[in-house]
Structures are given as C-alpha cells and as structure tokens.
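> One structure, pasted below without further comment.
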Amino acid sequence: MAWIGRLQPLFSRLQSGFSPSLKVRLVLMSLFVAALPVALVSFMLEHEGQQTLTAEKTDKLFALTRILDEELGPGGFDAMLSDLPSGKADRDAAVRHLNAKLRRITDEVAHADEGAGVGYYSRALDAIISYGPSEQYEGTVGHSISADHPGREVMRTGKPLIAYGSMVRGQVLNAMLPIVRNGDVIGYIWANEFTKAVERQKDAIREAVGYGVVAGLLLALVATFFTSRGLTNDVNLIIQSLDRMKADLRVTVPPMKNEMGDIGNAINRMAQELVDARTLTENVLSSVADGIIAVDLDGNVLMFNPAAEELYNVNGKELIGRSYQQLFEERKGMASVLLDTLRTGHSHIGENLEIAALGADRKITASSSVLRNGEGQRIGAVVVLKDVSERDRLMGQVMRADRLAALGELTAGIAHEIRNPLTSIRGFMQYLSENNTVDEWREYAPLIIRQVDNLNHIIEGLLVFGRPWPPRIARVQLNQLVEEMAFLTKGKSRARFELDLGDDVPVIDADGEALKQVLLNLFINALQAMSDEDAGVVTVTTRRKDQQVMIAVKDNGVGLPEKFKAKVFEPFFSTKPAGTGLGLAMVLRIVDAHQGTITFESKEGIGTTVVVLLPVERQGLEETRS
C-alpha cells in the first residue's frame, strides 16, 4: 500500500492544515482574478467617463461661445459703436454703450444653461464688455483681465482654448473663442462652468463604477465560496476513502463529478490493480514450498507464508507486527541470519539451520537479503528457508549409485586385466600337462613367469591406488622438482623438454614424493603420445596464480579423440596397448589430496595440455609434516 501512503499526506494537507486555507486561497485567488479585471475596467470606465464628460462640457461651452459670436454680428464691436459720437476715444462710454447692447444677449444665453457664465471681452478697450448672468457679474464689466489670464493667449494666438483654473468668476472650466473680424482678433468670447459642478458629475461616475466593482467582487466571492465548499467536500471524501483503504483495499471512492471524479476513478483503478497484484503475490507465496519471512526496519514481522508456518510450527497471522527476535529468542540460530542481514545489510546464501523440533533428519538452509521498496530504499529484510532434506537424501542415493557403478566398472576392469594373463597361464599349463618334456618346459616357463609378473604388476597398482594414505607435507621447491623429473624421464627419447619455469613460483606445502609421481605420469604420457620417429616437444610451464601455483604440461603428439576425454581419469582406461589405465587415476587422487584441481584438454592430431593447480599453503586439512 505504498501508493496510499504517498497519496495520504497530500489529501491530509488538504483536509487538516490545508483545508481552511484552501477555501481562503480559492477566495483570495478568485478575488484577485476578479478584482484585477474589474479594477482595470473600472479605471478605464472612469477615465473614459471623465474624458467624455470633459469633452461634452467643452463642446457645450464652445457651442455657447459660437452663439454669442453670431449674435455679435459681422461688424463686431466697431459696428455697434458707430452710433456713439465719441467712439472708442471715451473708453468708459464705449464700454457702457456696448454693454447696453450685449447684456441682454449674454443674460439670455446664461439663463438658458443653468450654471453657465458667458461674456465678451474687447481687445481694443481691454475690458470686459458684458458678463452674464448680469445680476451676478455686472460688477466685472469694464475691468481688465490679468496679464497671465488665458484669454490674452487666445487673443494673441487667435486659437480657441479650454482651461481649468481660477479666473474672474472663480474656479471654472472656461472655453474661450477668439473674435475674428476682417482677419483681426478684436477680442474673445467666453463660456464657463464652475468646476464643482463638473467634479460632482465625475464623482457620480466614480460612485457608479465603485458600486459595480463591489457587486462584481461580491458575486465572485459567493461563487468561489460555493465552489470551494464543493471542492473541499470532495477532497474530504477522498481522504476518508483512503483511510478506509488502509484496512480494506476493496473500499472505493464514491462517484464524483468533473476532475475530482477522475481522481476518484484513478484511485479506484489503482486500488483494484493493487488488490489483483497482492492476490497474485499472496497466491504465489502461499504456493511455494520454501518458507518466506519478511521483517521491517524495526524487526517486526511483515509476512509469514504457510511453508514458514510449517517449519516453525506457528500461526503466521498471529505473528504479524510482533518482534521477530523476541518470538525466536530461544532459537537464536533461526533468527540470526535474518536479523544479521537487517542489522548489517549483508546477504547470506545457503546458511545451514538446525531446528530441533524438526528432528535431526531435517536439514534447512537459509538465504537472506535486504528488502527494498520501488525507490531502492531499505524497508526491512527477507529470508527464504529451504528444506533440503529430500535433496540431500536423493544426492546421497545418487552418490551411492555412482560409487556402486564405479565399483562395478573397477571390478569389470580388474577382471578383464586379470583374466587375460590367467587364460594364457591356463593354456600353457594344459599344454605342458599333455607334453611333459624338459625342452618344452624350458621353452614355455619364461612365458608363464612373465604373465605372473603382469598379474603382480596389476595387483601392486591396485594396492597403491586403493591404499588410503595421508600426504607427507613438506616445503617443496616446485621448479627444482620439475627439472629433476624432466631429466630422469627423457632418457633415450628423441623428444625434447622445453621448461618455462616462472621466477615468481614460491616454495609450496606439498608431498614431494607424491608430486614426483604426478610429474612422472604426466611426462611419460606426453612422451608416449609422440612417435619415436618424430622429435616432438614437451613444454612444461610453471606460474604463480594468486594463492596457487600452476603446472602446465603440453605436448604436440597425436592427441585424444573427443569420445575418450570424459574417461581419461577413470581406472583401467588406457589407449595404450600395454597400459594399465591407473596412471592418470592416481594423478587425480594425489592432486585431490593436495586440495588442487586438474584439467585435461586434447585435440586429435594437435596435442594435449594438462594443467594442475595446487595451493601454496594448505590450511584446515589433516596432514603429516616430515
């Protein structure tokens, strides 16, 4: 159930420490997601509203100035002063004369648009001619505007201008239109409105936008609340299902909608797959004949299959979760392998266990290893207990059968080797019994003696081969021994010895006389494998191989057919007409007694190589040192 353990922390955070914050985060996220576009939209709406309001006010005020411009007439101020005898010479009289004619017009326009102020300004007279509504601003008539007044820029440039600021009337939005007659700017007309009125309209726009923002955020908050509540309910339902799955994987997550439903379905599929896999694993573990026991890192039992129950004579289900060491403290041999692996991490292969309750005829081997999860982390240890009693019994039967077969072959060989000389002796004696002359006795007696000698030679070889003897161990110079036996063996043979003796070959623990017999047999076989007409070569090589020494004897003789290779070390097997077949059998026995190994390679028509490996030092063996 490792995957449930990995899923549990995630959903636990959603349920406990993370569940309340889940709602809060969802709300905050929704507010942020909703507030950002709403704020942007509200800013744009407010900005556009203010721009639109300003443009609307500007268009309205300039429309009023154009009305006043048309009412002034094409002749302008000069045409209106034509009936004043003093004309422009008397500034005050000219202002009073023009005001009398224009006051009605400015009052009508101002009264038509409540809150608006309109008027005329004469550049030549540098005075306010009329300012409506006159009942409020009659006192300003005849006054000049300040030097920094925007109206002077309008008269200087001849271009319309809209301006915010403190002017004659106060803080106003002022639209100023130059009065152009015959290509000259003779003054300007203004129409203004208090900025407080404009700001009130802008505030109304801001208020409407603010209400819209609050309404949008509240709507998002409500939607998020219900969405988060449904999500957290689904998460809690999944967590509860996972808790129940710890005890029973057949529990399923109830159906849900949308993505949470997909998660629930995925968990159900994983649980079912785990149930199937665990069922298969349990069936396999229950079916195997070997006992299997697993413990966690604390040494508590995780698994005890039926085969292990039979070996330990316990109920495995009752042991789950209990300390393995305490359960088998009295039988430490049974617990040591598993607990040693748990403690050190070292594996054991084929360790023998003694279980007294099973009897002396039962033999159990234990193999233990570290138990790891899918990520390679140590989670415990496992031991496999194998009952090898039947295997050992069968192996014993096979070995006895092999020994009987070998004894039968040996007996057949002995009978064959002895029967031939006996047959010859019997024939000679039967012949001589019928022809009892001295000459015939003299002729056949040596033949009978040679056959008896052959019988004696065979019997002596059998006695040597069959007599048990411990090697007489001494310090032996192997290279010196090889040189000596090569010299003695060559004799009159045309073949030559090539010695490749390693300088690193040490003095070894061995029976020198027995090794002489080994070398003598190998050298004689190598010489006999080459014909007398050919000057063959016998190559003898010695080398050190770690804690062993190697002796290799190679010839370029006739070699041995493939079918005979498996029999070369068997007693009485020989391809030579006069051979007894006991030489290589004796060599094998001596090498085995020295805890060494011997290998035989031969190819017909190419030659033969025999390699002997002997230990440099002999340990743990019964031996006799001279």
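> Tell me, which residue of the stretch 263-280 that is at pLDDT below 70 and surrounded by 12 or more Cβ atoms within 10 Å (Cβ to Cβ) is nearest to Ile320 (Cα to Cα)?
My answer is Arg278.
> Look through Val591, Val610, Val553 and report the one residue that is in contact with a Phe, Trp or Tyr (Cβ under 6 Å, 6 or more places away or on another chain), outside any loop (DSSP other than H, G, I, E, B) and either open to solvent by 20 Å² or more (accessible area, probe 1.4 Å) or modelled with pLDDT of 85 or more (or both). Please lay out each step first, then the result.
Details: Val591 fails: in contact with a Phe, Trp or Tyr (Cβ under 6 Å, 6 or more places away or on another chain); Val553 fails: in contact with a Phe, Trp or Tyr (Cβ under 6 Å, 6 or more places away or on another chain).
Result: Val610 is the single residue among Val591, Val610, Val553 that is in contact with a Phe, Trp or Tyr (Cβ under 6 Å, 6 or more places away or on another chain), outside any loop (DSSP other than H, G, I, E, B) and either open to solvent by 20 Å² or more (accessible area, probe 1.4 Å) or modelled with pLDDT of 85 or more (or both).
> Please verify whether Thr575 is in contact with a helix residue (DSSP H, G or I) (Cβ under 6 Å, 6 or more places away or on another chain), at pLDDT below 85 and assigned to a loop (DSSP other than H, G, I, E, B), treating the condition exactly as stated.
So Thr575 fails the test.
> Sticking with this one: Would you check which residues across the stretch 286-320 are open to solvent by less than 10 Å² (accessible area, probe 1.4 Å) and at pLDDT 80 or above and list them?
Within the stretch 286-320, Ile293, Ala294, Val295, Gly299, Val301, Asn305 meet the criteria.
> Is there a residue in the stretch 337-352 that is modelled with pLDDT of 80 or more, assigned to a helix (DSSP H, G or I) and open to solvent by 80 Å² or more (accessible area, probe 1.4 Å)?
Among the residues of the stretch 337-352, at least one is modelled with pLDDT of 80 or more, assigned to a helix (DSSP H, G or I) and open to solvent by 80 Å² or more (accessible area, probe 1.4 Å), which makes the answer yes.
The values are calculated or read from the model by the stated rules, or taken from the named source; none is laboratory data. Quick caveat, the model's predicted, so the values are computed rather than measured. Positions of Cβ are generated from backbone atoms using ideal geometry, with glycine treated the same way; all protein chains shown enter the neighbour counts. Just the protein is used for accessible areas: all its heavy atoms, side chains included, with ligands, DNA and RNA removed. Shrake-Rupley method; radii C 1.70, N 1.55, O 1.52, S 1.80 Å.
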